[in-house]
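Scroll down for the structure; my scribbles are underneath it.
The values are calculated or read from the model by the stated rules, or taken from the named source; none is laboratory data. Given the structure is predicted, the values throughout are model-derived calculations rather than measurements. As a convention, Cβ positions derive from the backbone with ideal geometry for all residues, glycine included, and neighbour counts pool all protein chains shown.
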Amino acid sequence: MLSYGLMIIRCSSIFLRLNRLYLGDQIPGYISPLPITEVQQVSSAILLGVTLCDTLSITTHVESTLRICSQRVYLLKLLWNQGITRHYLHVVFDALVLSKLRYTICAWSGFLSAELEGQINALLKRAFKYGFCTKIYTIQSIAEEADKLLFRKMMSANHCIDFFVAIC
């Protein structure tokens, strides 16, 4: 069992920045909670590979994902220079870049701004230009595929939500 001191060292908290006008004026008797001095307060934290911000914006998560994917595209260029075949480049691109983009895309794709969509699509277009994939992917097509796959899995008789779907 971990001691209390170790647990406090590993903890951090995110307080959501809610509009003071909304909370303070519309909820009578609202008092902001006092910070816990032993727990570090941060503006963003990475939980299960997803960057969560105190403003509930996905911009930080998408920017970090883009940075990682750009580094992986550079790695693919180095592999191409070392003589790896196109087939294996496609496999590695799917494993390193597309899998990173597909991870939790159902949760954040609906909140993408046009600017972030453009940046992701530019990365995917650049990967196609270098020959790392056989077709031009777009973030919209990746999100649609992920949504369809999730829906098919939810409708499966083996899925845990099947009981609730049958009731409705």
Given (1) in a helix (DSSP H, G or I); (2) on the phi > 0 side of the Ramachandran plot, where does Gln140 come up short, assuming only one miss? (2)
Residues satisfying the stated conditions in segment 50-88, i.e. under 16 Å from Ala127 (Cα atoms) and of a type in the set (S, T, N, Q): Thr65, Ser70, Gln71, Asn81, Thr85
Here the qualifying pairs (Cβ atoms under 7 Å; residues six or more apart or on different chains; first in segment 37-51 and part of a loop (DSSP other than H, G, I, E, B); second surrounded by 11 or more Cβ atoms within 10 Å (Cβ to Cβ) and not β-branched (Val, Ile, Thr)) come out as Val39/Cys11; Val39/Ser12; Val39/Ser13; Val42/Ser12; Ser43/Cys53; Ser43/Asp54; Gly49/Tyr103
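Working only within segment 71-87, note down all residues that are of a type in the set (Phe, Trp, Tyr) and surrounded by 11 or more Cβ atoms within 10 Å (Cβ to Cβ).
Listed by number, the list holds a single entry, Trp80.
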Out of curiosity, is Ser64 in a helix (DSSP H, G or I), of a type in the set (Ser, Thr, Tyr), touching a helix residue (DSSP H, G or I) at 6+ places or on another chain (Cβ under 8 Å) and surrounded by 12 or more Cβ atoms within 10 Å (Cβ to Cβ)? no
Taking only segment 94-118 into account, find how many residues are more than 14 Å from Ile58 (Cα to Cα) and among the polar types (S, T, N, Q). 1
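So for segment 102-117 (the condition being among the acidic types (Asp, Glu), surrounded by fewer than 13 Cβ atoms within 10 Å (Cβ to Cβ) and either without any contact (Cβ under 8 Å) to a residue 12 or more places away in the chain or in a helix (DSSP H, G or I) (or both)), does at least one residue qualify? It would help to see each step written out before you state the result.
At the first step, the residues of segment 102-117 found to be among the acidic types (Asp, Glu) are 115, 117.
In the following step, the residues that additionally are surrounded by fewer than 13 Cβ atoms within 10 Å (Cβ to Cβ) were identified as 115.
The next check asks that each one be either without any contact (Cβ under 8 Å) to a residue 12 or more places away in the chain or in a helix (DSSP H, G or I) (or both); those that pass are 115.
Checking segment 102-117: at least one residue is among the acidic types (Asp, Glu), surrounded by fewer than 13 Cβ atoms within 10 Å (Cβ to Cβ) and either without any contact (Cβ under 8 Å) to a residue 12 or more places away in the chain or in a helix (DSSP H, G or I) (or both).
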Could you check Ala122 against (1) within 14 Å of Val62 (Cα to Cα); (2) loosely packed, with under 12 Cβ neighbours inside 10 Å; (3) at pLDDT below 95 and say which number it fails? (3)
